[in-house]
Amino acid sequence: MRYHIKEKLWSLTEAFIIRDDQNKPVYEIHGKFFHIGDNLVLHDKRTKEEVAHIKQHVIAFLPHYEIYRHGQHLLTLHGKFNLFGERLRIEGNNGLVFHIGGDILQWNFNISDGNGSLLAQVGREFSSDKESYGIETSQGADDPTIVALVITIDMLREHHAQKEERKEEHKQ
């Protein structure tokens, strides 16, 4: 399945839609109001069911996010990594492991499981719009988890970009 996501829309307080190749809405993301830090809920557009929840912990030195599925903690991501083409390993509950390889900053990376099986490819080439990126999931992948993981990586990218901007401002 292929999904299209507008870059950096997660920061808006309004809901936004994730669409498939036929431009049909598949998921909707809502930010929770009156909450400190990012707090996003991913709903299946057809069933209206909550399929993932992304929470940021703001009392942390580095960006720290947790992904929940069906109310259960699934993954934790920390901002302590170099985004420049290095691999990233994400560990979750029950031995769940994701490997991220490629260039995260340029939206050209893949996601594989602990056995090395490709779960998804992420890139601008999978999208028809310059300001969006696409996620192409493999058959049998847990699509809501993959979508939530990629959105969380997008948030970490944004934190990284803001940090770099502040460094540049201090140099001037």
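Each residue of segment 43-58 was assigned a 3J(HN,Hα) from its phi angle through the Karplus expression (A = 6.51, B = -1.76, C = 1.60, θ = phi - 60°), giving 10, 6, 5, 6, 8, 6, 6, 6, 10, 7, 9, 10, 10, 9, 9, 8 Hz with x at Gly and Pro. Close amide-amide hydrogen proximity is noted between Asp21 and Arg2, each under 5 Å apart and 5 or more residues distant or on a separate chain (H modeled in the peptide plane; Pro and chain starts excluded). Our coupling estimate for segment 118-123, obtained by passing each phi through the Karplus curve with A = 6.51, B = -1.76, C = 1.60 and θ = phi - 60°, is 5, 9, 6, 10, 10, x Hz, Gly and Pro reported as x. Once you've got the Cα coordinates, tell me which of Lys6/Lys167; Lys55/Lys163; Lys45/Lys163; Lys24/Lys48; Lys48/Lys163; Lys6/Lys48 are over 24 Å apart. With Cα atoms farther than 24 Å apart: Lys6/Lys167; Lys45/Lys163; Lys48/Lys163.
Sequence-ordered 3J(HN,Hα) estimates for segment 154-161 from the Karplus curve with 6.51, -1.76 and 1.60 and θ = phi - 60° stand at 4, 5, 5, 4, 5, 4, 4, 5 Hz, glycine and proline given as x.
Label-to-label distance, Gln106 versus Arg89, with points set 7 angstrom from Cα along the beta-carbon direction: 2.5 nm. Charged neighbours of Ala120, selected by a Cβ distance under 11 Å, balance to -3 (K, R count +1; D, E count -1). For Arg124 and Lys167, a Förster radius of 30 Å and the Cβ-Cβ distance give a FRET efficiency of 0.70, rounded to the nearest 0.05.
With a simple spin-label model that places each label point 7 Å from the Cα along the Cα-to-Cβ direction, the separation between Lys48 and Asn23 comes to 2.6 nm.
Values in this text are rule-based calculations from the coordinates and carry no lab data. Not measured: the values here are computed from a predicted model. Using ideal geometry, Cβ is built from the backbone for each residue, glycine included, and neighbour counts are taken over all protein chains shown.
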